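The values are calculated or read from the model by the stated rules, or taken from the named source; none is laboratory data. What you see is a predicted model, and the numbers here were worked out from it, not measured in a lab. A quick note on method: Cβ atoms are made from the backbone with ideal geometry, for glycine too, and the neighbour counts reach across all protein chains shown. Calculation scope for accessible area: heavy atoms of the full protein, side chains included, ligands and nucleic acids excluded. Shrake-Rupley method; radii C 1.70, N 1.55, O 1.52, S 1.80 Å.
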Amino acid sequence: MITNTELEKKGNLFPSKLVSYEQNGDSICFTSENGVQLIITVVRDSMLRLRYATDGIFENDFSYAIDQDQSHGYSVLDITEDDEFIWIITEQIKCRITRKDMRTAMFDVEGALILQDELGFHWEESFEFGGNYVKMSKSTVDGENFYGLGDKPTSFNLKGKRLSNWNTDQYAFGKDLDELYKAIPFYIGLHSAKAYGIFFDNTFKTHFDFCHERRNITSFWADGGEMNYYFIYGPKIGDVVTKYTNLTGRPELPPMWALGYHQSKWSYYPEAKVKELAANFRNNRFPCDALYLDIDYMDGFRCFTWNKDYFPEPKRMVEELEEDGFKTVAIIDPGIKIDNEYPIFKDGLEKDYFCKRADGPYMQGKVWPGKCVFPDFTNPKVREWWADHYKTLIGEIGIKGIWNDMNEPAVMEVPGKTFPLDVRHDYDGNRCSHRKAHNIFGMQMARATYEGVRKYIFPKRPFTITRASYSGGQRFSSTWTGDNLASWEHLWLANTQIQRLGISGFSFAGTDIGGFADQPTGELFTRWIQLGVFHPFCRVHSSGDHGEQEPWYFGEEVLNITRKFVELRYQLLPYLYTAFYQYCKDNIPILKPLVYFDQEDIQTHYRSDEFIFGEHFLICPIQEPNVQGRRMYIPRGQWYNFWNDTVIEGGKELWVDAPLDSMPIYVKEGAIIPKYPVQQYVDEIEIEEINLDIYYKNGKQNSVLYEDDHDGYDYKMGIFNFRTFKLTGKTNDIFVQQHVNGTYKSSLKTMKITFHGLPFTIKSATVNNEDVSLESIGYDNERNSIILQENFTDLHLIGE
Ligand code: GLC
């Protein structure tokens, strides 16, 4: 055995005193006496990037996470120095570098300390693999809390946890189990009502310790690569999240049908079963937009093939489903069966597109089809090749969405459940081993799939879903949380994980509603649907091993209740679509945890049951069996109970009734909620009248509504409408102005406006600044509603 006693003795190494620094445009490079270099780049006034190299050797600067279209630029960059420190000053941050040890500290412009190095950057040389284990530790102040890190199945506030990122196929995972399917090395720190973010852009296995090992220390480290991280200043959590999402990118707007209800199982086959399923949805008047084909549609699990016994004419079947309003989504896995009769295997082999071990043999591993090889999705040529395979599936057969699975990558019956570490990858020309490429593999597969679906679905918009991903993967795909379990604990996890993914840049996410493994009771299924309709991605999926999981399977009562909630989702489609637009355009997460909503209220810091859906809804799922209600926290402000319009003052915990056919839902006062009529699927009917539910407030509140063609790219050319509603309520009158920005000619003709909580009886009205009779606006005094032209500019109602 070779040992290197010198290295073994070294342990942690640290930068020594600073000897020089040099500015080059937006970057300042600091050099220490022992050859450590730190480059600090001002990415924005509120965002710095810090990169360290030992021996002055930086890697090629390449990242899969960073969105090349992100907004860049700052307005101020000053450098000052004294005997002890050098200061980099932007319009929002002061960064202090200590001369004697190169440690950094971040302050806001008022001089309040936000975050400072404890030991700061240090490293351990890796003799076995070369390079370093790179480490960073920060001081934590009392009362500091932590959030983020993607799909971790643990309490929402990460304080006291130690977690790591290594994409792993975890069938029926449990609470607190680490690691899961995704690697999102981004977290938010919050103290003194100020928030900052750290994005550690390193695809090796990364580790995070939030005051777990030492009470007032937070640290993060990686098994290789560079200490390369972004410091993002808030001070609001919302600012940190939107800046991180801008840095790593957001998806394009999904087609509206993807926001409908989806039904999946492993697996619906043959064709007759799929048809029966479709008919059951329509016969039961249960809205549904998408049906999924799991691996059994393929011929022996060979990707891009069909089992012709089960599906003799897939194109016809897909067309017939489409005529009935269903989109078909099909699964595609990364493993390619080793089979000399299988063209994709032969072609990939010829082109040398499959991953290889260090000494040259192919990376072989068992997945569903048996022994497989795996395309190296980190090679741009392979991604193009893969994308082209969607020509038939999407372009010819008419499949509308692709579901990528097993892309951690998962390998069966081997230790570690994945590739051995010596496997080689292209990494877009930065050749490396699986140690570096593991966490990026799934994201690059999803990227290749996205490119293919986008190309062949054009002029419509793509829909894709992936199980594994890395930071920035939200640009290419929606996601779900993998193989969960039909248990009450998993319902709790579902709520926590989707909120966590939302503030980690990944809003378009959902869970296997009802649980993948095991069988939910009707009660659990009902409670899960109630939560799931408020998740950006809403799909029932199950392993099929434990019984059926269609809504009618659990009996009449469950069917009726779940239908009511799915109908509510369909009514709220314009509201949800607007929230998606704000996510895709302005990086605003669709679900907002309470701490995001009101970080100044410390009551919110450890809460995760309640969340804000879009801008105006407060939701709190029931997560226990046999209950008729629950206690929940209502954040500060005035809220309407959605079911009975009673108004309550927040900032306190309350008991809320919620028998099985109900759940706690509140609406923020002043909100204007757009609603469609119930449809069985998106665009079933041409909508000429939209409902606007106006929740009276004594004061002012704005609401917005985004509209476009629900699919296609016209919206990118400005063909959309963005409506802003400004409400001003007083004791005896209410004034609503509408401003429409855009050129989209929608099918809307009228708006049915219903008032909630008006403290007066309507006596007279003006519309567009002219007196109108109450009859002429269809006033219904029982429902407190009126009907206006969709393009009204202002409405003034006066009470007695
Ligand atoms: C994996 C997926 C699951 C899928 C199954 C068969 O377990 O997570 O959703 O149904 O594989 O494809």
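Could you please state how large a percent of the accessible area of the range 368-492 is carbon and sulfur, counting protein chains only and using a 1.4 Å probe? Roughly 53 percent of what the probe reaches on the range 368-492 is carbon or sulfur. Annotation note: GluC sites (Glu not before Pro) in the range 392-475 located in DSSP loop regions with a Cβ neighbour count of at most 16 within 10 Å are Glu413. Charging the Cβ of each Asp and Glu at -1 and of each Lys and Arg at +1, and nothing else, the dipole of the chain about its Cα centre rounds to 620 debye.
Distance from the alpha carbon centroid of the range 642-660 to that of the range 33-103 works out to 48 angstrom.
Legend: calculated FRET efficiency, Ser747 to Asp780, from the Cβ-Cβ distance at R0 = 25 Å, rounded to 0.05, equals 0.60.
Since only Asn12, Phe617, Gln737 are under comparison, the one whose Cα sits farthest along the positive direction of the charge dipole of the chain, derived from C-beta charges on Lys, Arg, Asp and Glu, is Asn12. If a/c stays under 1.5 just call it rounded; otherwise compare a/b with b/c (prolate if a/b is bigger, oblate if not). Do that for the range 594-712, with a ≥ b ≥ c from the square roots of the Cα gyration tensor eigenvalues. Because a/c hits 1.5 or more and a/b exceeds b/c, the range 594-712 counts as prolate. Computed over the range 81-190, the percent of Cα pairs more than 16 Å apart is 71. The residues packed around Gln599, meaning those with a beta-carbon under 10 Å from its beta-carbon, carry a net charge of -1 if Lys and Arg are +1 and Asp and Glu are -1.
To the nearest 20 debye, what charge dipole does the range 264-387 have about its Cα centre, counting +1 at the Cβ of each Lys and Arg and -1 at the Cβ of each Asp and Glu? Computed charge dipole of the range 264-387: roughly 340 debye. Judged by the ratio a/c of the largest to the smallest principal axis of the C-alpha gyration tensor, the chain counts as oblate, that ratio being 1.5 or greater while a/b is no larger than b/c.
Placing dummy labels 7 Å off each Cα toward the beta-carbon, the span from Lys351 to His212 is 4.1 nm.
In what sequence, highest mean first, do 660-669, 684-693 appear when ranked by Cβ atoms within 10 angstrom?
660-669, 684-693
Computed from label points 7 Å out along Cα-Cβ, the spacing between His72 and Arg162 is 3.9 nm. Apply the membrane-span-like helix rule to the chain: whole DSSP H runs, Cα extent along the own long axis of at least 20 Å, mean Kyte-Doolittle hydropathy at least -1.0. List the helices found. The qualifying helices are 434-457, 488-503, 556-571. With helices as the sole contributors, the chain gives -5500 deg cm²/dmol at 222 nm; each DSSP H run of n ≥ 4 counts as -39500 (n - 2.57), and the sum is divided by every residue.
Dividing the convex hull volume of the alpha-carbon atoms in the range 471-574 by its residue count gives 92 Å³ per residue. Taking K and R as +1 and D and E as -1, what net charge do the other residues with C-beta under 10 Å from the C-beta of Tyr695 add up to? That sum, taken over residues with Cβ under 10 Å, equals -1.
Averaged per residue, the range 456-507 has 16 square angstrom of accessible surface, using a 1.4 angstrom probe with ligands and nucleic acids left out. Between Lys315 and Asp586, residue separation times 0.36 nm minus the direct Cα-Cα distance comes to 93.7 nm. With the cut-off at under 17 Å, measuring from each backbone N in the range 470-491 to a point 7 Å along the Cα-to-Cβ line of Tyr171 picks out 482-486.
Let me know the charge dipole size of the range 109-268 about its Cα centre in debye, to the nearest 20, where only the beta-carbon of Lys, Arg (+1) and Asp, Glu (-1) is charged. Working shown, then result.
Working: 16 positive and 20 negative charges, 128 e Å.
Dipole about the Cα centre, nearest 20: 620 debye.
Ranked from largest, the principal axis spans of the Cα set of the range 564-646 equal 38, 35, 25 Å. Across the range 667-711, the residues whose backbone nitrogen lies under 13 Å from the label position 7 Å along the beta-carbon direction of Thr724 are 701-705. How much net charge surrounds His72 when only the other residues with a Cβ under 9 Å from the Cβ of His72 are counted, with Lys and Arg +1 and Asp and Glu -1? Residues close to His72 contribute a combined charge of 0.
Taking all protein chains as shown and a probe of 1.4 angstrom, Phe374 keeps an accessible surface of around 0 Å². Annotation for the range 59-157: GluC sites (Glu not before Pro) lying in DSSP loop with at most 10 further Cβ atoms inside 10 Å of their Cβ are Glu84, Glu110, Glu128. Phi angles of the range 18-25 translate, via the Karplus equation with coefficients 6.51, -1.76, 1.60 and θ = phi - 60°, into HN-Hα couplings of 6, 10, 7, 8, 8, 9, 9, x Hz per residue; Gly and Pro are given as x.
Here the range 10-100 is treated as a sphere whose radius is the Kirkwood value from Cα pairs; by Stokes-Einstein at 20 °C and 1.002 mPa s it diffuses with a coefficient of 150 µm²/s. A simple spin-label model places pseudo-atoms 7 Å from Cα toward Cβ; at Glu800 and Leu421 they are separated by 8.0 nm.
All Cα-Cα separations within the range 130-217 were binned at 10 Å from zero, giving a P(r) of 16, 49, 29, 6, 0, each value a whole percent of the pairs. Dipole of the chain computed with +1 at Lys/Arg Cβ and -1 at Asp/Glu Cβ about the Cα centre; of Pro235, Gly799, Ser746, farthest Cα towards the positive end is Pro235. Accessible surface ranking for Lys346, Lys100, 1.4 angstrom probe, highest first: Lys100, Lys346.
Given R0 = 30 Å, the distance between the Cβ atoms of Asp101 and Asn60 translates into a calculated FRET efficiency of 0.60. Per residue, the range 203-262 exposes 22 Å² of accessible surface when a 1.4 Å probe is rolled over the protein heavy atoms with every protein chain present.
Annotation note: trypsin sites (Lys or Arg not before Pro) in the range 674-762 located in DSSP loop regions with a Cβ neighbour count of at most 15 within 10 Å are Lys730, Lys745, Lys749.
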